[in-house]
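The values are calculated or read from the model by the stated rules, or taken from the named source; none is laboratory data. None of the values given here were measured: they were computed from a predicted structure. All Cβ positions, even for glycine, are placed from backbone atoms using ideal geometry, and neighbour counts span all protein chains on display.
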């Protein structure tokens with residue numbers, strides 16, 4: 001079963017991509033995926049998903065995430081701090097450093113996002 005997945009994945013990737021040690025990388029990725037599937041229990045009872053409630057006003061419900069591992073810019077930024085308002089789907093993409101700590105990220109948030117909250121009616 002494992003080699004079928006590896007060969008199929010490699011075949012699909014080779015149509016458009018190539019990099020050194022491609023087969024080795026695909027094998028490593030597929031083995032992690034297969035071991036993950038084996039670890040999942042088939043006897044666990046599954047419950048219904050709870051829907052995410054809708055926000056009733058802007059900036060009541062936000063999501064935050066980071067995009068890491070980007071090439072360094074001229075100003076030294078190598079990551080993006082993403083803040084999204086789920087009500088109006090407004091997203092802020094804030095350049096940052098991978099090594100920024102919580103205090104730096106909170107300052108970025110206050111400077112870039114808090115300002116928008118006050119502008120929103």
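The listed residues are 29, 46, and the only one of them that is surrounded by 11 or more Cβ atoms within 10 Å (Cβ to Cβ) and at pLDDT below 90 turns out to be 29.
From the list 6, 34, the lone residue that is modelled with pLDDT of 75 or more and in a helix (DSSP H, G or I) is 6. The set of residues from region 46-98 being under 17 Å from the mean Cα position of the chain (by Cα), outside any strand (DSSP E or B) and closer than 21 Å to residue 113 by Cα comprises 68, 78, 86, 89, 97, 98.
Is it the case that region 67-79 has a residue that's surrounded by 10 or more Cβ atoms within 10 Å (Cβ to Cβ), at pLDDT below 85 and touching a strand residue (DSSP E or B) at 6+ places or on another chain (Cβ under 8 Å)? No; the residues of region 67-79 include none that is surrounded by 10 or more Cβ atoms within 10 Å (Cβ to Cβ), at pLDDT below 85 and touching a strand residue (DSSP E or B) at 6+ places or on another chain (Cβ under 8 Å). Does residue 14 fit the bill of being more than 18 Å from the chain's Cα centre (by Cα) and modelled with pLDDT of 85 or more? For residue 14, the condition - more than 18 Å from the chain's Cα centre (by Cα) and modelled with pLDDT of 85 or more - is met.
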